[in-house]
Amino acid sequence: MVITSNISKSVILILGIGFSLLFSYLLYQSEKDVIMAELQQDVERRAAAFTLSLSMKFEALHTLTALLRQNPDFSYSDFRNEAKIVLDRHPDIQALEWMPLVQNNQREEYEQRLQHIHAGFTFVELDDNGNVIKAAERDFYYPVYYMEPYIGNEVAHGYDMSTSVSRLVSINRAIDSGRESVTEPLMLVQEKESQKSFLMFNPVYRDSFAPFANHREFFLGAVLGVFRIGDLYMTSEAGNIPHDIKILLYDLTGEDKALLHARVHDEDKAYNDEAAYSVDIDALFERDWRFEVVIADDYIAQRMSSQPYIILMLGVLLAIASVAYLDLIYKYISLIKCKNCELQNLSLRDPLTNLYNRRHFDDSLRLEWRRATRTGSNISMLVVDIDHFKRFNDSFGHMAGDLCLKRVAEALRKSVGRSHDSVFRYGGEEFAILLPDTTDPKSVAERCRENVEALGIKHPDSVEDVVTVSVGCVSIHPEKGDDYNELFLQADRALYDAKNAGRNRICEHLSSKVNSQASAIDFSRSVSR
């Protein structure tokens with residue numbers, strides 16, 4: 001019962017905690033999936049806003065280019081007027097510029113044309129140390145000729161784009177394709193911070209309908225859009241970010257993954273090493289840009305509700321409560337069983353001597369008789385009676401008589417040595433002892449007689465000066481059809497034979513059959529009768 005109870009409680013506790021962990025984990029994963037889905041939607045929205053912002057600025061640049069293509073002989077003032085209209089609508093464009101193709105023999109003319117507006121204007125380039133110097137002689141130039149705004153971009157005025165390999169690659173690609181071309185991320189000549197930028201070239205030709213093969217022959221120059229990546233990002237709807245994410249913008253066009261811009265609200269937070277989500281930007285023609293979002297280590301925990309933990313705690317508490325309740329039930333059942341056993345035992349016991357009573361004697365005799373008949377074994381019985389017990393009661397009173405019965409009962413109980421031997425109070429001062437699988441009851445009977453006499457209970461009116469018993473015993477090999485009641489009757493007859501023979505002695509039926517004749521045998525000590 002105890003083992004079953006412990007196993008049941010252990011199973012309930014393990015299952016309860018296990019299911020609590022499972023449900024808590026599933027709810028946690030569900031909330032985590034929702035949080036990550038919301039993050040993905042937010043990133044896609046930011047990427048779409050950034051892409052739309054780029055497209056609108058590129059479209060404005062196309063509009064300016066279309067106007068200039070209609071008037072190839074436009075002046076500086078014409079350019080500035082048109083450029084101001086575009087910049088008023090898109091102030092986050094760093095600059096709009098006109099870059100003509102200037103042959104070597106045209107250089108002086110182009111330089112002099114702007115010197116009355118910007119004194120000392122000349123074509124320039126950067127030396128190895130990044131210092132602005134006068135451009136060297138070469139076959140042709142791609143100078144920054146017109147620009148708007150001028151203030152803030154003065155250093156780039158006159159800069160020869162052909163001196164930069166990355167710029168020249170994009171220029172040639174635009175000339176040959178007749179379409180826009182975007183440079184790789186670069187540092188502007190006029191950059192005062194560490195922000196990366198890119199240039200967009202829109203080619204302009206003398207003949208808008210020139211054949212593809214003759215694009216370079218008809219090329220006049222290009223309209224440039226100068227864009228600082230960080231400014232573009234901040235002015236788009238993607239600019240504002242939560243405090244626990246980091247948005248990174250990469251250029252994947254080359255062999256190496258180049259970081260263009262990093263937007264982070266809290267630099268002190270710990271962030272994961274891997275991107276949680278990424279979105280490609282498709283608005284940059286031949287350039288492959290990508291948005292990547294890195295979340296802080298506590299990003300999910302900050303947005304997670306307490307429900308998974310509440311369910312876990314409630315589940316564990318419920319499992320513990322169930323085990324405690326089950327434990328109470330088992331204890332209650334055990335108590336009921338114990339009480340039932342006690343009641344059953346009381347119903348089978350004599351209240352005075354605590355020996356088995358007459359009712360249990362009848363049941364035990366019937367069962368042992370059947371077992372002996374079935375197995376072919378012997379069964380023996382002793383019937384014990386206290387000699388002259390009525391006289392003892394009359395002389396010493398009933399309280400002394402009850403005490404005498406208790407002591408005699410205890411002596412008889414100690415006289416049987418096997419666990420399956422049973423001692424019964426048959427009634428009054430008479431006792432019965434059932435001995436299964438026994439062929440020699442005489443030794444047990446003699447031990448009973450001696451042990452009672454050894455108690456030394458004073459009894460002057462008995463055959464001795466102390467309390468003694470007479471014992472009748474019988475041993476039978478029962479056969480099918482024999483009556484088990486005859487076992488007691490034969491032992492009882494032997495008892496009366498012992499009493500008639502003088503008491504304080506044993507009388508045994510020698511025959512193994514029920515109808516055998518009794519013979520009195522004296523096993524008492526050698527005393528004068």
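Can you tell me which residues in region 310-336 are farther than 24 Å from G18 by Cβ and surrounded by 13 or more Cβ atoms within 10 Å (Cβ to Cβ)? Reasoning before the result, please.
First, the residues of region 310-336 that are farther than 24 Å from G18 by Cβ: 331-336.
The one that is farther than 24 Å from G18 by Cβ and surrounded by 13 or more Cβ atoms within 10 Å (Cβ to Cβ): S334.
Total residues in region 73-110 satisfying the condition of being without any contact (Cβ under 8 Å) to a residue 24 or more places away in the chain, charged (D, E, K, R) and assigned to a helix (DSSP H, G or I): the figure is 5. Among what's in region 454-504 and is in contact with a strand residue (DSSP E or B) (Cβ under 6 Å, 6 or more places away or on another chain) and assigned to a loop (DSSP other than H, G, I, E, B), pick the residue that is surrounded by the fewest Cβ atoms within 10 Å (Cβ to Cβ). Across region 454-504, the extreme among qualifying residues is G456.
Within region 399-438, the set of residues being under 20 Å from E450 (Cβ atoms), among the acidic types (D, E) and part of a loop (DSSP other than H, G, I, E, B) comprises D421, E429. Of all residues in region 72-92, those satisfying the criterion of being within 22 Å of S181 (Cα to Cα) and either surrounded by fewer than 14 Cβ atoms within 10 Å (Cβ to Cβ) or not aromatic (F, W, Y) (or both) are P72, E82, A83, V86, L87, H90, P91, D92. If you go through region 286-309 and keep only what is loosely packed, with under 15 Cβ neighbours inside 10 Å and in contact (Cβ under 8 Å) with a residue 60 or more places away in the chain, you end up with E286, S305, Q307, Y309. Can we say D78 is over 20 Å from E154 (Cβ atoms), in the same structural domain as F218 (by TED's automatic domain parsing), under 60 Å from the mean Cα position of the chain (by Cα) and of a type outside the set (G, A, S)? When the stated conditions are applied, D78 does not pass them.
Being without any contact (Cβ under 8 Å) to a residue 40 or more places away in the chain and out of contact with any helix residue (DSSP H, G or I) (no Cβ under 7 Å at 6 or more places or on another chain) is the filter; apply it to region 441-457 and report the residue that is farthest from R391 (Cα to Cα).
Of all residues in region 441-457, those without any contact (Cβ under 8 Å) to a residue 40 or more places away in the chain come to 443, 447, 450, 456.
Next, from what is left, pick out any that are out of contact with any helix residue (DSSP H, G or I) (no Cβ under 7 Å at 6 or more places or on another chain): 443, 450, 456.
Working: S443: 29, E450: 21, G456: 17 Å.
Among them, the one singled out is S443.
Being under 25 Å from T63 (Cβ atoms), β-branched (V, I, T) and modelled with pLDDT of 90 or more is true for just one of I175, I171. Which residue is that? Lay out the reasoning, then the answer.
Working: I175 fails: modelled with pLDDT of 90 or more.
Within the list I175, I171, the selection yields I171.
The values are calculated or read from the model by the stated rules, or taken from the named source; none is laboratory data. Just so you know, these numbers come straight off a predicted model, no measurement behind them. All Cβ positions, even for glycine, are placed from backbone atoms using ideal geometry, and neighbour counts span all protein chains on display.
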